[in-house]
Amino acid sequence: MSVDRILSRVNPVCAAVLRSPLHSLLSRGLLLLTVTGRHSGRRYSIPVGYQQDGDGVVVIVSEARRKQWWRNYYQPAPVELRLRGEQRSGVAERVAPGSDRFRELADQTLRRVPYLRRVFRVDGYDPRAGLTADQLDRLGEEIAIVRIRLES
């Protein structure tokens, strides 16, 4: 069974849990993101992994070439999310690959969650030295980073 088929079955279950009083089972690492398509205008909600980042959250999109939702945020745009059981609004924007902010967020993630080095195919990553130029280039092809600034 393909990963896409597995996720198409698991995502609705995760979404239901994140909307429920049992959200704490998943909400430490997942949030429910509601995206409005920039062309279609269609709204859909997807569970995504996240990390806190100051006044917002960061979502790392693995296998970004295969996914579409993050492309709605090349320019800042409104987004809704269910974060730790609370409905929130924010402004999402893609972090440009190769930028200093991309490097900073990717390094933070790879230091904090070591198993993602294998998932993102960052061989030989040294957390003391940070990403090399080659690793940063490869990572920019593999993932997308979306930062969501939460509204008060």
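Filtering segment 84-102 to residues that are touching a helix residue (DSSP H, G or I) at 6+ places or on another chain (Cβ under 6 Å) and either farther than 17 Å from Trp69 by Cα or part of a strand (DSSP E or B) (or both) leaves Gly85, Ala92, Glu93, Arg94, Val95, Gly98. Here Arg65, Arg121 are screened, and the one residue that is out of contact with any strand residue (DSSP E or B) (no Cβ under 6 Å at 6 or more places or on another chain) and assigned to a helix (DSSP H, G or I) is Arg65.
Looking only at residues of segment 141-152 that are more than 14 Å from the chain's Cα centre (by Cα) and touching a residue at least 40 places away in the same chain (Cβ under 8 Å), we find that the one that is surrounded by the most Cβ atoms within 10 Å (Cβ to Cβ) is Leu150.
Among the residues of segment 22-49, those identified as assigned to a loop (DSSP other than H, G, I, E, B) and either in contact (Cβ under 8 Å) with a residue 40 or more places away in the chain or of a type in the set (Lys, Arg) (or both) are Ser27, Arg28, Arg38, Arg42.
The set of residues in segment 109-118 that are closer than 20 Å to Ala64 by Cβ and either in contact with a Cys (Cβ under 8 Å, 6 or more places away or on another chain) or loosely packed, with under 14 Cβ neighbours inside 10 Å (or both) comprises Arg112, Tyr115, Arg118.
Quick note: the coordinates plus some simple rules give every number you see, no bench work behind them. The shown structure was predicted, so the numbers you read here are calculated from the model rather than taken from an experiment. All Cβ positions, even for glycine, are placed from backbone atoms using ideal geometry, and neighbour counts span all protein chains on display.
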